[in-house]
Structure formats: C-alpha cells, structure tokens
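The values are calculated or read from the model by the stated rules, or taken from the named source; none is laboratory data. Treat the numbers as computed from the prediction; the structure is a model and nothing was measured. FYI the Cβ positions are ideal-geometry reconstructions off the backbone, even for glycines, and counts take in every protein chain you see.
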Amino acid sequence: MTTKLFLQAITKFFLGLVLIALLLFVPAGTIHYWNGWLLIAILFIPMFIAGIIMMIVNPELLKKRLNADETEPEQKTVIALSGIMFLAAFIVAGLNFRFKWIVMPNWSVILSTVIFLLAYLMYAEVLRENAYLSRTIEVQNNQVVIDTGLYGVVRHPMYTATVVLFTSMGLVLGSPLSFLILLCYIPIIVKRIRNEETVLEKGLKGYKEYKT
C-alpha cells in the first residue's frame, strides 16, 4: 500500500460521490429524494469495500482500475458518449422525481435494487478472477488469456455485469425515462468491445483461439 495510491483512490471516490449527488439532488430540488440516496448507498458502499480489499490484497489491480487514460482514440469516443449518457440519465431522474412525471411502485424499485446488487457481485467476481483487468484497453506485460470461471461461460463477463448494473440504475432511481437513456450503454459497450477485441487479437497470444 502506498500513500499516493490511497490518496488517488480516496480522492476519486469522494469526487465521484459528490458529482453524482449533485447531478441527482440539484435537479430533484431537494435532498429528500430517497431513490437517490438508495443508489448512492448501493453504488458507493460496495465500491468502498472493494477498494479497501484491492488496496490490501492487490494494489496493482487497484492502480489499473484507477487509470482512465485511454491511448486508443476510439475509446475516447466511448468515454465521451458514456459521460453524456450518465449526465442525462441522472439529471432526468432528479427531474422525474421533482415533477412526478412517472412514479414507479416501490416493489419495482426494490426488485431493481436486488438485480443491481447481484450484478455488483458478478463484477466483484470478475475482479477476483482477472488480475489483468485494466480500466483501459491495453495488452499488459506477461498477460495471459483467462478462460476459466466466468470467462469460461461468457467472453466479457465484466461488460455483461456493467450492462445490468447501469441499465438497472434508472429503475433504482424510480425513473423509467432514465432507464431508456441508459439503454444507450448497450451500443456504446458494443463499440468498446469491438475495438478491445481487435487490440487483444493483435497483441495477446491465444486470444483468437479463445474466441473460437
């Protein structure tokens, strides 16, 4: 564990928390937006716990997950589109609560929360299985193909988990309109995957065989 890595992690954590809170509660016009607090809790508490575990067990993986400096031009487009999507989804969720455009029943919010948490567990398992899970598209030194566990079932289990995570966010927030906006993540992640597989096929030995 290094002080620099800890400070980097804790700074990004709190900046992310504050940003999402502002994007939700300012449009909502109140801090009494219980769906917003629910999302913040189920998103940031597991994130904090996972960060502490990685800091202790595998700080190198944490360092990779904190690095968002993409070198692939196509991925910069993916990041920009994702950012716009999340901004729109969170702001619309706050406005939906404020003006009561569509009010979802509590049971559907609870169900969406359970789905979100199950996807988070899947995401955590992927982090456990794959020590090469960089946030950026790259082939690392001595990297090998992971083809066991979840990777033996689906080629991109992390992206599978994030699709469920992100699309369920809108429903946790009680906003079907945000859910529709977050469905845009599917074509965005397809674009990312296509570029990533091109990079891996060129630079990672055995990846072509793994695909087949």
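Points worth noting:
- Among all residues of the range 135-154, there is none that is surrounded by 17 or more Cβ atoms within 10 Å (Cβ to Cβ) and within 23 Å of Ile20 (Cβ to Cβ).
- Answer residue from the range 155-183, given it is crowded, with 20+ Cβ neighbours inside 10 Å and among the aliphatic types (A, V, I, L, M) and is farthest from Ile102 (Cα to Cα) among those: Ala161
- Helices (runs of 4 or more DSSP H) lying entirely in the range 170-212 (those with 1 or more residues that are within 30 Å of Thr113 (Cβ to Cβ) and at pLDDT 95 or above): 176-182, 185-203
- Residue check for Phe116: aromatic (Phe, Trp, Tyr), under 24 Å from Glu196 (Cβ atoms) and in a helix (DSSP H, G or I): no
- Filter result for Asn67 (polar (S, T, N, Q) and in contact with a Gly (Cβ under 6 Å, 6 or more places away or on another chain)): no
- Leu24 being of a type in the set (A, V, I, L, M, F, W, C) and either closer than 19 Å to Asn106 by Cα or loosely packed, with under 13 Cβ neighbours inside 10 Å (or both): yes
- Any hit, the range 49-66, residues being of a type in the set (Lys, Arg) and either within 23 Å of Ser178 (Cα to Cα) or without any contact (Cβ under 8 Å) to a residue 24 or more places away in the chain (or both): no
- Sole exception among (1) more than 18 Å from the chain's Cα centre (by Cα); (2) within 25 Å of Thr198 (Cβ to Cβ) for Leu95, by number: (2)
- Residue match in the range 148-156 (condition: among the basic types (Lys, Arg), without any contact (Cβ under 8 Å) to a residue 40 or more places away in the chain and over 16 Å from Gly83 (Cα atoms)): no
This table checks each residue for (1) under 21 Å from Phe116 (Cα atoms); (2) of a type in the set (Asp, Glu); (3) at pLDDT below 95.
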| position | (1), (2), (3) |
| --- | --- |
| Gln8 | no, no, yes |
| Phe13 | yes, no, no |
| Gly16 | yes, no, no |
| Pro27 | no, no, no |
| Thr30 | no, no, no |
| Ile42 | yes, no, no |
| Ile45 | yes, no, no |
